[in-house]
Amino acid sequence: MQNIKDTKLGSTEFPSGIRVDHDPDDLWGDSRFVVNIGPTHPAMHGALRMVAKLNGETIESSYCEMGYTHRAKEKLGENRTYHQFIVYTDRLNYCSSLMNNVGYALAVEKLMGIEVPERCVWIRMIVSEIARVIDHLVCIGINAVDLGAFSYFLYGYHQREEAYTIIEKLCGARLTTSYTRIGGLMQDAPEGFEREVKAWVAKTRTVLDEMDRLLTGNKIWQMRTVGVTPFNKEQCLQYSYSGPNARAAGLDIDLRRDQPYLYYKNVEFDVPVCQNGDTFDRYLVRVHEIRQSLNIIAQCADRMKKGPIWSEDKRVRIPDKDVVHNTMEGLIYHFKFFMTGFDVPAGEAYTAIEASNGELAFYIVSKGGPKAHRMRIRGPSVWHYQGISPMVKGWKIADLIGALGSVNVIAGELDR
Amino acid sequence: MSKDGSASFFTTKVDALFDWGRKNSLWPLPYGTSCCGIEMMSTLCSDYDMSRFGAEVVRFSPRQSDLLIVAGIITTKMAPVLKTVYDQMSDPKYVMCAGACASSGGIFNVYSVLQGIDTMIPVDIYLPGCPPAPEGFLHGLLQLQEKIARGETHSHRKLAEHKRGSSLASS
Amino acid sequence: MDVRTLIPTNGGEAIKKFGEGWRKQLATLQAKFSGDLGNVLFPGEAATDFPIVYVSLAKVIELLSFLKTEPGFEYDFLADLTATDEEQAPRFEVVYNLFSTVHKNRIRVKVKVSEGEEVPTAVSVWPGANWAEREVYDMFGVKFLGHPDLRRILMDYRFEGHPLRKDFPLRGYQIFTEPQVIDPKLLD
């Protein structure tokens, strides 16, 4: 009892003669303690770990740990041929693997100077935007679950399953798609693809409106998120925030508009930007981005025409299956192509795309030959996760969960 | 237990009853680290709904759960954590190892990845796939239930060994 | 047909849009940092997509803060910080990929580092460089002078070797029986 009473005085002298000094900022006697969250904590999304020093419930200081999912993809990039590396790009941001595929294909094509035909570009845009919608649906859904709104999550998740049905028709896999090839695609889109995509877009629009009504104006949701854990524009620049998290803070960068790749110049879309950079804004930017992505998908599906999907370049052309199965030369070429790979001329390129979380870039240094000299993957999540510690400083531990969910750190992209 | 140490009629019936109960009310601890974790979430969600098979109550505390679903890559940095979580679970416990990464390292035969979690902890069910589709998860769960009913899991073997040991000690 | 071939759907318009600006910027840099600037590679002439500026170890922070704040340059966004193992002396190259959120263009700064040399840290320019430098230290063993917290980041702190060096084998892992402990000292 004496202990508790005397804390406000600054120090306690025990009968044994030991004197303990107390910090005047300490709310209650000895209330500071260190908690370890993760790496298997459900709110830490798999494999993140955070150590926080709490004063009561308030986070005084914290540090983040990563590397629990480190799969050495950069090292593998130096040990696999350019073609074999496609499967590893799936497992970067596994919520939007199609977008990673597209980014990697663009990176190698830039190094080789290959231009892909029109239909291929449109399909790549459609799959990128579908992947972005899926990623955002998962992100805002999980963020809502973390803060206690479970049914909201189920709406988004069902729509995501519908999208996976389309993706399964496209390439036979749900999550790890490996859909693009260097200079083309694995296969053409099936018959009626545009129609199905448009039906899905229309359905997703209505579901998104429902989701919007369910959560955005919700009093409890707003109290948990509005003004909580803000990260302003200067901090975003300091910590290299990109994508929706930067746009939530008013940092108006979108590589689709600023540094156009594919046909983003030829479609109309807005870039939603918020001002406060708090948890609510990060959520809101994502909701509006889904709407814009759906618009882009609808435009692409309208403008897509029949045509070839493979580039004319003979260096990267995978032989057709009937040639492989029916002619000796085709079989030999197929074998050589997949066993030894193709040579990429010496040079280096930093190819950045606007992935669902921000700037995803492949910095490839080639010294000639079928394997890269350096395969650097710039995942946005690393930089976002780094900003968590300064972001949550001084906030309650419960706000940390909301902040982490809204920043959307994906372990596969974080540790690579 | 009869005098010669063999299981008697009554105890086998009780064990079977317990196994029946256990197999129909598995409490999973999802240990999702990467891509397989996302598919596991799909399985737990409304479209596939794992709760139809009794594995509904997802518990993130190892003390409260009896089915450890290792879904995703286990790196050498993560391996001691997994071992700790497994040790903290109370018997009887079952381990489902989902996906190529957890089963064998998969396509990641590299310096940082544990080449199969069975080098650290015993595994009852391996699910193929990279990642396994939700149907694969459900199939794996049904297989595990059959295995529990047959009494062929690692926990059963451990219990049998324990009984044999104690009966030898008492005789 | 290599990276010099410009493809409109794949960033090929950058050189048309920014080519003149880059020339002017590089001329300014040559005038200001003449002695400390190494090779300057220009896209279209060398096999690269953005201009590369090599700078001496001593002046790298000065160059980076100049690029960040100088009007007309304003490369205020550190897009990436990484390194490459060149397998020749000097062994490593530390690479800074910069992006300008004002002008929307990019530039690349490189520093040659031999084994054992320390690169001055960029944390004073961008606090976000902290983890990227830790990663370079973890993966290549390149140390950063004045870094506030130079620890391993991806690998366990007991791990031996630097995986992305070319002489490190792809396979063969090190097993630890105890989880990585938390260090309360880092919270002070």
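Every residue, every condition in (1) in contact with a helix residue (DSSP H, G or I) (Cβ under 8 Å, 6 or more places away or on another chain); (2) away from every other protein chain (no Cβ under 14 Å); (3) part of a loop (DSSP other than H, G, I, E, B), yes or no:
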{"residue": "B:S90", "(1), (2), (3)": "yes, yes, yes"}
{"residue": "B:Y111", "(1), (2), (3)": "yes, no, yes"}
{"residue": "B:P132", "(1), (2), (3)": "yes, no, yes"}
{"residue": "B:R157", "(1), (2), (3)": "no, yes, no"}
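The residues of the range C:89-103 that are within 11 Å of another protein chain (Cβ to nearest Cβ) and surrounded by fewer than 16 Cβ atoms within 10 Å (Cβ to Cβ) amount to a single one, C:V102.
With respect to A:L214, determine if the residue is touching a Phe, Trp or Tyr at 6+ places or on another chain (Cβ under 6 Å) and either assigned to a loop (DSSP other than H, G, I, E, B) or surrounded by fewer than 17 Cβ atoms within 10 Å (Cβ to Cβ) (or both). Against the criterion (touching a Phe, Trp or Tyr at 6+ places or on another chain (Cβ under 6 Å) and either assigned to a loop (DSSP other than H, G, I, E, B) or surrounded by fewer than 17 Cβ atoms within 10 Å (Cβ to Cβ) (or both)), A:L214 qualifies. Just one of (1) without any contact (Cβ under 8 Å) to a residue 24 or more places away in the chain; (2) within 14 Å of chain A (Cβ to nearest Cβ) fails for B:S166. It is (2). Residues in the range A:317-327: is at least one surrounded by 15 or more Cβ atoms within 10 Å (Cβ to Cβ), in a loop (DSSP other than H, G, I, E, B), on the phi < 0 side of the Ramachandran plot and within 14 Å of another protein chain (Cβ to nearest Cβ)? Yes, that holds for at least one residue. Evaluated against (1) farther than 15 Å from A:Y239 by Cβ; (2) part of a loop (DSSP other than H, G, I, E, B), C:V119 falls short on exactly one condition, (2). When we screen C:F176, C:F159 for residues that are of a type outside the set (D, E, K, R) and touching a Pro at 6+ places or on another chain (Cβ under 8 Å), the only hit is C:F176. Taking residues in the range C:165-185 that are over 16 Å from C:L154 (Cα atoms) and within 7 Å of another protein chain (Cβ to nearest Cβ), and partners anywhere that are outside any loop (DSSP other than H, G, I, E, B) and of a type in the set (A, V, I, L, M), the pairs with Cβ atoms closer than 7 Å and at least 6 places apart or on different chains are C:P184/A:V34. In the set (1) facing chain A (nearest Cβ under 10 Å); (2) under 17 Å from C:H147 (Cβ atoms); (3) in contact (Cβ under 8 Å) with a residue 12 or more places away in the chain; (4) surrounded by fewer than 22 Cβ atoms within 10 Å (Cβ to Cβ), the condition left unmet by C:A83 is number (4).
Scanning the range A:365-404 for residues that are aromatic (F, W, Y) and within 11 Å of chain C (Cβ to nearest Cβ), we see that the one that is nearest to A:Y350 (Cα to Cα) is A:W383.
As a summary of the residue check, C:G38 satisfies the conditions (1) in contact (Cβ under 8 Å) with a residue 24 or more places away in the chain; (2) in a strand (DSSP E or B); (3) within 14 Å of chain A (Cβ to nearest Cβ) except for the one numbered (3). Go through the residues of the range C:69-80 one by one and say whether even a single one is within 9 Å of chain A (Cβ to nearest Cβ), surrounded by 22 or more Cβ atoms within 10 Å (Cβ to Cβ) and among the acidic types (D, E). Yes - at least one qualifying residue is present in the range C:69-80.
Checking B:T75, B:T84 one by one, the residue that is surrounded by fewer than 18 Cβ atoms within 10 Å (Cβ to Cβ), facing chain A (nearest Cβ under 10 Å) and of a type in the set (S, T, Y) is B:T84 and no other.
Matching residues to (1) part of a helix (DSSP H, G or I); (2) not acidic (D, E):
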site	(1), (2)
A:S151	yes, yes
A:E161	yes, no
A:I167	yes, yes
A:R174	no, yes
A:Q187	no, yes
A:P190	no, yes
A:T229	no, yes
A:G250	no, yes
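Can you confirm whether C:V119 is free of Cβ contacts under 8 Å to residues at least 60 places away in the same chain, away from chain A (no Cβ under 11 Å), closer than 12 Å to C:L57 by Cβ and β-branched (V, I, T)? Taking the combined requirement at face value, the residue does not satisfy it. Scanning the range C:1-35 for residues that are part of a helix (DSSP H, G or I) and within 20 Å of A:R257 (Cβ to Cβ), we see that the one that is farthest from the other protein chains (Cβ to nearest Cβ) is C:G21.
This table checks each residue for (1) within 12 Å of chain A (Cβ to nearest Cβ); (2) surrounded by fewer than 14 Cβ atoms within 10 Å (Cβ to Cβ); (3) of a type in the set (S, T, N, Q).
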residue	(1), (2), (3)
B:T119	no, yes, yes
B:Y126	no, no, no
B:G136	yes, no, no
B:E152	no, yes, no
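Scanning the range C:131-153 for residues that are acidic (D, E) and either away from chain A (no Cβ under 11 Å) or crowded, with 19+ Cβ neighbours inside 10 Å (or both) yields C:E133, C:E135, C:D138.
Residues that are farther than 30 Å from A:T165 by Cβ and either surrounded by fewer than 20 Cβ atoms within 10 Å (Cβ to Cβ) or polar (S, T, N, Q) (or both) within the range B:103-117 comprise B:N109, B:S112, B:Q115, B:G116, listed in sequence order. Just one of (1) in contact (Cβ under 8 Å) with a residue 60 or more places away in the chain; (2) part of a loop (DSSP other than H, G, I, E, B) trips up B:F137, so point out which. Tallying (1) in contact (Cβ under 8 Å) with a residue 60 or more places away in the chain; (2) part of a loop (DSSP other than H, G, I, E, B), B:F137 fails exactly one: (2).
In this structure, does A:A352 turn out to be in contact (Cβ under 8 Å) with a residue 12 or more places away in the chain, within 30 Å of A:K198 (Cβ to Cβ), outside any loop (DSSP other than H, G, I, E, B) and away from chain C (no Cβ under 11 Å)? No, not satisfied. The residues of the range C:102-116 that are assigned to a loop (DSSP other than H, G, I, E, B) and either within 27 Å of A:K233 (Cβ to Cβ) or hydrophobic (A, V, I, L, M, F, W, C) (or both), listed by number, are C:V102, C:H103, C:K104, C:N105. Against the list (1) at pLDDT below 85; (2) facing chain C (nearest Cβ under 10 Å), the condition A:G56 fails is (2). Determine if the range A:73-83 includes at least one residue that is under 20 Å from the mean Cα position of the chain (by Cα), of a type in the set (K, R) and more than 10 Å from chain C (Cβ to nearest Cβ). The answer is yes, given that some residue of the range A:73-83 is under 20 Å from the mean Cα position of the chain (by Cα), of a type in the set (K, R) and more than 10 Å from chain C (Cβ to nearest Cβ). If I filter the range A:124-147 for residues that are at negative phi, of a type in the set (D, E, K, R) and within 11 Å of another protein chain (Cβ to nearest Cβ), do I get at least one hit? For the range A:124-147, residues at negative phi, of a type in the set (D, E, K, R) and within 11 Å of another protein chain (Cβ to nearest Cβ): present.
The values are calculated or read from the model by the stated rules, or taken from the named source; none is laboratory data. Worth saying up front: this structure is predicted, and the values here are computed from it rather than measured. Every residue, glycine as well, gets a Cβ built from its backbone with ideal geometry; the counts of neighbours run over all protein chains shown.
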